[in-house]
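Notes to accompany the following structure.
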Amino acid sequence: MVKAEHRPYLLLSPALLSLALFLIAPILFIFAYSFWLRADNGQDIPAFQFANWQSVLTDGFYWLALRETFITSAVTTLICILVGYPAAYFLARCRFNNKALLLFLLFLPFWISYIIRTFAWINVLGKNGFVNSVLMATGVIDEPMKLLYNDFSVIMGLAYFLLPYMIINVYVSLDGIDRNLESAARTLGCTAWQTFREVTLPLSLPGLGAGSLLCFVLAAGSFVTPRLLGGTDTLFYSEQIYDVVIGQLDWPTGSVLSLILLISLAIVVAVYNRFMSLSDIYRSFAK
C-alpha cells in the first residue's frame, strides 16, 4: 500500500518524468555541450573549457542582436495589448448567447499551419500584395511601399501570431470580474469611463500582465516569423543561433547562445514576478 503522504508524488510522477526527460535533460545536455571544444577540423571534442563562453560574451554583435530582439518583442507585446484588450473586453461584455462560438472563431486560425499563416503575410505586405494594391488603386500612393522583409513585417507577423494568447488571458480575467462591483460603482455616481478606470481595469490587470509576459517570451524566442518575414536589416537573436548551429555547424557556440537567451528570458520572468506587479504599478499612477 502506498502511504497517503506519497500519493500526490505518485500521481505527479508521469508529469514529473516527462518534465525531466523533455525539458531538464535537454537543457543539461546543452549546458554540458557549451563547454566542449570546437576543433580546427570541425569536430566537437568533449572538454571543460570556457573559450566558447568567453568568445560569445565578449562579442558585441550578439548583445546587439539580443537587444534588438527584446525591443521587437516589447513593441509586439504593446501592439497585442492595444488590439487585444478591446477585443477581449468585447468578448467578455457582449450579450451574444453563444460565446463559445466566438472563442472558437478566435482560435480557428490555429488549425492552419503556423508556417502557412506566416507565408500568407508575403501576399499581404509584398510589393504586389493586398495592401500596396489597394493603396495604389485608391490613389493614396504612386509606387509600392516597402512593407516586407524588414522590422515592420516581423512585428506584424509576430503580433498576428501572439494576439490570441493576449485576448484569451485578458478575457478570462474580465469574465471573472463580479458585475455587481461595476453596478455598485455606477450606482455611486461613476461614469462608464470612471467605472472602467477604477474597477474593471485594475481587476483585469493580472490577465493583462500574464498575456504580456507570455507574448514577450514567445516573441523573443520565435524563429519562423523573423526567418520568413525578416530581411538583411533585421537582427533577431534566434536567427543567430540558427546560423551558428546549422550554417557553421558550431554546436558548442550555439549552445552558449541558446543558454544566454534562456537565462535572459528567465531573468525577465523573475523580475516581472518580483517587481513588476501591474496592480501595484496601476495603484502608484492612480495616487
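The values are calculated or read from the model by the stated rules, or taken from the named source; none is laboratory data. Just so it is clear, the structure is predicted and the values come from calculations on it, not from any experiment. Note: ideal-geometry Cβ built from the backbone for every residue, glycine included; neighbour counts use all protein chains shown.
Values for this structure:
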quantity: Hits in the stretch 1-60 - residues which are outside any loop (DSSP other than H, G, I, E, B), among the charged types (D, E, K, R) and either surrounded by 10 or more Cβ atoms within 10 Å (Cβ to Cβ) or touching a strand residue (DSSP E or B) at 6+ places or on another chain (Cβ under 9 Å) (or both); calculated: Arg7, Arg38, Asp44
quantity: Single residue of Leu147, Leu213, Leu158, Leu162 found to be in contact with a helix residue (DSSP H, G or I) (Cβ under 7 Å, 6 or more places away or on another chain), within 24 Å of Ser238 (Cβ to Cβ) and assigned to a loop (DSSP other than H, G, I, E, B); calculated: Leu147
quantity: Answer from Met166, Met156 - the residue that is touching a Cys at 6+ places or on another chain (Cβ under 9 Å) and touching a residue at least 12 places away in the same chain (Cβ under 8 Å); calculated: Met166
quantity: Residue count for the stretch 108-143, restricted to those that are of a type in the set (Ser, Thr, Tyr) and at pLDDT 90 or above; calculated: 2
quantity: Residue check for Thr77: assigned to a helix (DSSP H, G or I) and under 14 Å from Tyr160 (Cα atoms); calculated: yes
quantity: The stretch 173-198: number of residues that are assigned to a helix (DSSP H, G or I), modelled with pLDDT under 90 and β-branched (Val, Ile, Thr); calculated: 1
quantity: Condition broken by Ile167, with the remaining ones in (1) surrounded by 13 or more Cβ atoms within 10 Å (Cβ to Cβ); (2) part of a loop (DSSP other than H, G, I, E, B); (3) not aromatic (Phe, Trp, Tyr) satisfied; calculated: (2)
